[in-house]
Amino acid sequence: MRMRLSNDEALFRQEIRQFFSTQIPEDIQERSAAGETREPDDIAAVQRILNEHGYAVPSWPTAWGGRDWSPVQEHVFLDEMHLAHVPEPLTFNVDMIGPVLCEFGTDEQKARFLPGTANLDIWWCQGFSEPDAGSDLASLRTSAVRDGAEFVVNGQKTWTTLAQHADWMFALVRTNPDAPKRQKGISFLLIDMRSPGITVRPITLLDGSVEVNEVFLSDVRVPVANLVGEQDHGWTYAKFLLGNERTRVARVGVSKNRLAQAKRLAGETPAGRGTLLDDPILRARIAEMENELAALEVTLFRATSGDVDQAAIASILKLRGSELQEQTTELIADIAGPTALAVDGPSDEIPRWAQRSIRSYLTQRKVGIYGGSSEVQRMIIAKTLTGR
Amino acid sequence: MDFTLSREQAALRDAVRELYRRSYDIERLRETATADRGWRADVWRSLADTGILGLAIPEDLGGAGAGIVEVATVMTELGRVLAPEPVLDSALIPADLLLRSNNPRQWQETLEGIASGELLGAIAHEEWGDRWPHRAIATSATETIDGWILSGSKRLVKHGDVADFYLVSARAGDDVAVFMVDGSTQGLSRTAFRTPDRRRGAHLLLEKSPATLIELGDPDAALRRVETLEQVALCAEAIGSMEEALRITTDYLGSRKQFGAALVTYQALAHRLADLHVLVEMARSMSLYAVAVVEDGAGETRIASRAALQVCRSARAVGHESIHLHGGIGVTEEYVIGQYAARLMAIEARLGGALEHLQQLASGIDSYDKVALG
Ligand SMILES: Cc1cc2nc3c(=O)[nH]c(=O)nc-3n(C[C@H](O)[C@H](O)[C@H](O)COP(=O)(O)OP(=O)(O)OC[C@H]3O[C@@H](n4cnc5c(N)ncnc54)[C@H](O)[C@@H]3O)c2cc1C
């Protein structure tokens with residue numbers, strides 16, 4: 001048994017750290033650290049730099065730019081990226097549609113989409129959820145009816161992240177309403193966002209950000225060539241995709257950054273005769289969170305080396321990871337205390353992190369909701385225990 | 001022991017409820033929150049007509065002559081509907097401080113103005129680097145032949161963006177004193193801000209601003225008493241917001257279906273609602289306890305801290321969970337539950353925060369044996 005990185009792995013970490021500290025423009029890192037990443041520009045800029053150096057899509061097959069890294073290397077890469085405050089490449093491209101096309105796409109689809117997907121020349125959005133199909137995704141109703149060489153799509157998607165920047169959407173649609181099982185009548189379609197009949201309506205979140213959208217589809221014509229895999233088998237590809245999504249969301253590095261930031265801010269915040277960091281109650285709370293984060297990180301290491309039950313691990317990481325992401329933003333709102341009350345004021349009087357802290361905390365509640373809510377993760381974990 | 005409201009108190013509660021039912025719906029609330037000062041002058045007039053603005057001012061000074069029980073009752077109703085009108089900040093708190101002066105009759109005109117809704121006050125006490133319970137009070141007061149002048153800065157003055165007068169704490173030599181400063185006086189500048197719960201406030205800069213001394217027997221004690229009133233009132237407001245947030249969440253889970261059944265039928269969620277209900281009841285108990293203690297004439301800060309701690313804990317859980325239980329719609333600006341959560345967070349920040357109150361209580365545990373209700 002060994003927890004240290006091997007010499008090669010340690011060298012790899014060095015190399016990656018070096019890369020992030022020298023190749024990513026500092027202003028992008030600073031904005032990311034301050035929670036002010038510019039979309040889409042910063043994300044596109046970073047992803048193109050990564051792609052230029054062969055780092056955008058390391059987990060894809062090597063034929064399409066993958067690196068054949070070990071799980072440990074993949075983890076180290078992501079961790080260094082988070083610790084260096086580098087905005088992640090677009091998850092819809094890199095972790096979702098890319099791997100699906102590599103696995104299930106036709107040669108023509110691969111050649112057409114994969115290079116642009118890696119380089120973010122194509123911006124993808126994920127059209128899965130609908131107003132009445134959230135946790136119960138299989139109840140989705142957006143319909144696609146075959147008409148010659150095209151599907152005609154009608155319905156509504158919602159919570160579509162960054163659809164306002166998207167060139168394409170990968171969507172789950174119902175092609176067979178009479179299938180014996182709801183999951184059986186669903187297909188996976190690639191839809192050009194410039195198609196006539198698509199309307200995008202932005203939804204503002206509690207922090208004022210416009211990150212998610214409603215997408216209305218009315219008689220949208222989609223060539224049959226844009227069907228992924230087989231008709232009515234879309235659920236299989238969706239499950240493959242969602243499995244990839246969950247393992248990424250532990251975001252240990254992000255929570256580590258935030259706890260370090262919290263300590264720094266508490267040390268700068270006057271309280272009584274000293275600073276807030278002198279308060280034993282606050283110190284105990286931070287120590288507790290750091291310990292929980294350490295436990296999560298070791299678990300992540302165990303997961304990368306295959307030491308845990310694979311059926312439950314993605315859910316364990318998602319559940320704990322999102323709880324810690326929420327708790328660390330909550331901590332920052334508590335540190336801001338009264339100064340969290342002034343927003344939209346001049347930042348020389350109350351720093352922006354404090355002005356934003358309450359709304360950021362409230363909005364961060366999203367991580368326990370998307371990508372399979374905490375209850376959905378608990379159901380999956382329970383199922384691995386009880387078999388029911 | 002009696003926790004029921006008297007007939008008059010219940011009538012007061014119903015009057016406030018009815019006033020707000022007529023005045024606002026979700027849409028109107030949102031419009032109002034984004035408009036200039038964030039609340040409505042016509043509703044303010046109705047509040048004055050109903051006697052709410054002068055609620056705790058004695059009748060012979062133009063008010064309704066009520067006490068803390070009525071104040072708490074009204075605050076709970078305001079919390080229930082997220083009422084944006086600054087009843088506490090612009091009317092009740094300024095009036096309370098003036099009534100503590102050695103000669104309240106000296107302030108009769110101001111008190112009448114508050115009660116009639118013509119004058120908006122604000123208390124300017126907090127300064128840069130303050131964190132409850134610490135108050136630096138570095139603003140200086142100097143007596144000149146023309147009267148007092150104040151210099152310094154005050155931050156986070158709740159609804160200080162529109163106040164006609166400010167009650168400003170300052171130091172004359174080593175002594176703390178409180179002054180009346182006219183909102184349009186020379187040397188006073190204000191920087192307005194918004195709060196995360198869509199309300200307003202201002203930071204003040206005083207540069208040799210003329211001021212009038214408010215004679216208080218013990219200014220420190222008076223300021224502490226006013227702070228206790230603020231905390232007790234905010235606790236009562238939080239109760240209303242929590243009850244309504246929980247009601248909205250329960251209703252939502254009753255109507256939202258996933259996997260073929262209403263969400264409320266899933267035990268994992270029903271239990272969460274039950275836990276929240278327990279937390280709201282605990283908070284309500286502590287809020288009533290604090291009201292009762294103030295009503296009895298004691299203003300013990302430890303009891304306010306006990307109430308504040310429980311309210312902070314319950315408020316956090318209710319806001320946090322209500323959002324989560326709603327799923328995606330819970331984190332949107334347009335849907336109302338996030339506004340309840342934001343208000344509860346803002347109340348916590350104003351109360352001093354769980355951390356601070358816990359610290360206060362923790363530092364005192366060796367001064368008594370068994371915990372007892374005082
Ligand atoms: C910021 C954000 C970004 C998103 N981005 C995308 C995107 O890009 N593309 C996309 O397709 N979707 C996206 N989503 C949608 C997301 O996947 C859904 O919000 C999620 O699936 C939950 O669905 P819902 O919001 O309808 O909540 P609901 O499913 O209605 O759930 C409400 C609450 O009930 C709980 N619950 C539901 N069923 C059960 C049960 N059986 N037992 C116990 N508890 C239960 C849930 O955990 C939740 O707490 C995004 C969501 C958010 C908030």
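The values are calculated or read from the model by the stated rules, or taken from the named source; none is laboratory data. Computed from a predicted structure; not experimentally measured. Neighbour counts are summed over all protein chains in view; Cβ atoms, including those assigned to glycine, are modelled from backbone coordinates with ideal geometry. Surface accessibility is based on the protein's heavy atoms, side chains included, excluding ligands, DNA and RNA. Shrake-Rupley method; radii C 1.70, N 1.55, O 1.52, S 1.80 Å.
What is the local net charge at A:Asp178, summed over the other residues whose Cβ is closer than 12 Å to its Cβ (Lys, Arg +1; Asp, Glu -1)? Walk me through the numbers on the way to the answer.
Details: positive: A:Arg174, A:Lys181, A:Arg182, A:Lys184; negative: A:Asp232.
Once positives and negatives cancel, what remains is +3.
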- Please give the helix A:107-118 orientation as an angle from the longest Cα principal axis of chain A, in degrees from 0 to 90, rounded to the nearest 10. 20
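Taking GluC sites (Glu not before Pro) as candidate sites, keep only those in a DSSP loop with at most 14 other Cβ atoms within 10 Å, then name the longest stretch of chain B containing none of them.
On the way: sites that count: B:Glu118, B:Glu215, B:Glu300, B:Glu334.
Between the exposed loop sites, the longest stretch runs B:1-117.
Between B:Ala138 and B:Asp218, what FRET efficiency comes out of the Förster formula 1/(1 + (r/R0)^6) with R0 = 35 Å and r the beta carbon distance, rounded to 0.05?
Numbers: r = 20 Å, r/R0 = 0.58.
E(calc), rounded to 0.05, equals 0.95.
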- Item | Residue (of A:Leu206, A:Thr158, A:Thr142) at the positive-pole extreme of segment A:124-235, dipole from beta-carbon charges | A:Thr142
- Task: Could you pull the Cα extents of segment B:105-243 along its three principal axes, largest to smallest, in whole Å?
- Result: 55, 35, 31
- Note on the structure: Sorted by accessible surface (1.4 Å probe, heavy atoms of the protein chains only), largest first, B:His277, B:His324 come out as B:His277, B:His324
- Query: Computed on protein heavy atoms with a 1.4 Å probe, what is the summed buried accessible area for the chain pair A and B, in Å² to the nearest 100?
  - Reply: 4000
- Two-decimal Rg/Rh of chain B from alpha-carbon positions, Kirkwood Rh? 0.98
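Mind listing which chymotrypsin sites (Phe, Trp or Tyr not before Pro) in segment B:1-103 are in a DSSP loop and have 15 or fewer other Cβ atoms within 10 Å? All intermediate terms of the calculation are to be shown ahead of the outcome.
Numbers: sites: B:Phe3, B:Tyr20, B:Tyr24, B:Trp39, B:Trp44; in loops: B:Phe3, B:Tyr24, B:Trp39.
Filter output for segment B:1-103: B:Phe3.
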- Query: Alpha carbon centre of segment A:204-273 versus segment A:99-133: separation in Å?
  - Reply: 16
- Note on the structure: If unit charges are put on Cβ atoms (+1 for Lys and Arg, -1 for Asp and Glu) and the dipole of segment A:245-386 is taken about its Cα centre, the option from A:Gly253, A:Ala314, A:Phe301 lying farthest towards the positive end turns out to be A:Ala314
- Considering only protein heavy atoms, what is the solvent-accessible area of A:Thr158 at a probe of 1.4 Å, reported in Å² to the nearest 10? 10
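Where does each of A:Leu101, B:Leu355 land when they are ordered by accessible area, with a 1.4 Å probe and the largest first?
B:Leu355, A:Leu101
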- Fraction of the pair-distance distribution of chain A above 41 Å, Cα-Cα pairs, percent: 16
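Treating only the Cβ atoms of Lys and Arg (+1) and Asp and Glu (-1) as charged, compute the dipole magnitude of segment B:1-150 about its Cα centre; round to the nearest 20 debye.
Details: 15 positive and 25 negative charges, 89 e Å.
The calculation lands at about 420 debye.
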- Task: At q = 0.15, 0.18 Å⁻¹, work out log10 I(q)/I(0) for segment B:34-173 with the Debye formula, treating every Cα as an identical point scatterer and leaving solvent out; two decimals please.
- Result: -0.81, -1.10
- Note on the structure: Cα gyration tensor of segment A:124-235 diagonalised, 5x eigenvalues square-rooted, in angstrom largest first, produces semi-axes 23, 16, 11
- Set of lysines near A:Lys157 by C-alpha distance (under 27 Å), chain-local residues within fewer than 8 positions excluded: A:Lys110, A:Lys181, A:Lys184, A:Lys239, A:Lys318, A:Lys366, B:Lys257
- Check: chain A dipole with +1 on Lys, Arg Cβ and -1 on Asp, Glu Cβ, in debye: 920
- Note on the structure: Computed over the protein assembly as shown, the convex hull of the Cα set has an average projected area, in nm², of 36.9
- Query: So how tilted is helix A:252-268 from the main axis of chain A? Cα-based, degrees 0 to 90, rounded to 10.
  - Reply: 30
- Would you please name the trypsin sites (Lys or Arg not before Pro) within segment A:2-102 that are DSSP coil residues with at most 11 other C-beta atoms within 10 Å of their C-beta? A:Arg2, A:Arg4
- Item | Alpha-carbon centroids, segment A:344-388 and segment B:303-355: separation in whole Å | 14
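In segment A:245-386, what is the volume of the convex hull around the alpha carbon atoms, normalised per residue and reported in Å³? Please report the intermediate quantities before stating the final value.
Numbers: hull volume 16.1 nm³, N = 142.
In segment A:245-386, the Cα hull volume divided by residue count equals 113 Å³.
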- Item | Estimated translational D of segment A:6-152 in µm²/s (Stokes, Kirkwood radius over Cα pairs; 10 °C; 1.306 mPa s) | 92
- Note on the structure: Expressed to two decimals, segment A:157-199 has a Cα Rg over Rh, using the Kirkwood radius, of 1.06
- Using bins 10 angstrom wide from zero, how does P(r) for segment A:7-89 break down, in % of all Cα pairs? 18, 51, 27, 3
- Message: Compute a Gaussian network model of chain A, connecting alpha carbons closer than 10 Å, and tell me which residue from A:Phe12, A:Phe151, A:Phe188 fluctuates the most.
- Response: A:Phe12
- chain A: angle of helix A:352-364 to the longest principal axis, Cα-based, in degrees nearest 10: 40
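Over all directions, average the projected area of the Cα convex hull of segment B:269-374 and note it in nm². The partial results should precede the final answer.
Values: hull surface 31.0 nm².
Its Cα hull, projected and averaged over all orientations, spans 7.7 nm².
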- Message: So for each of B:358-366, B:144-152 I average, over its residues, the number of other beta carbons within 10 Å; can you give me the resulting order with the highest mean first?
- Response: B:144-152, B:358-366
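With contacts defined as alpha carbon pairs under 8 Å and 6 or more residues apart, what's the relative contact order of segment A:60-135 in percent?
Numbers: 39 pairs, mean separation 20.9, N = 76.
Worked out over segment A:60-135, it gives 27 percent.
Taking every eigenvalue of the Cα gyration tensor of segment B:188-309, multiplying by 5 and rooting it, what semi-axes result, largest first, whole Å?
41, 22, 8
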- chymotrypsin sites (Phe, Trp or Tyr not before Pro) within segment B:276-361: DSSP coil, no more than 13 neighbouring Cβ in 10 Å: none
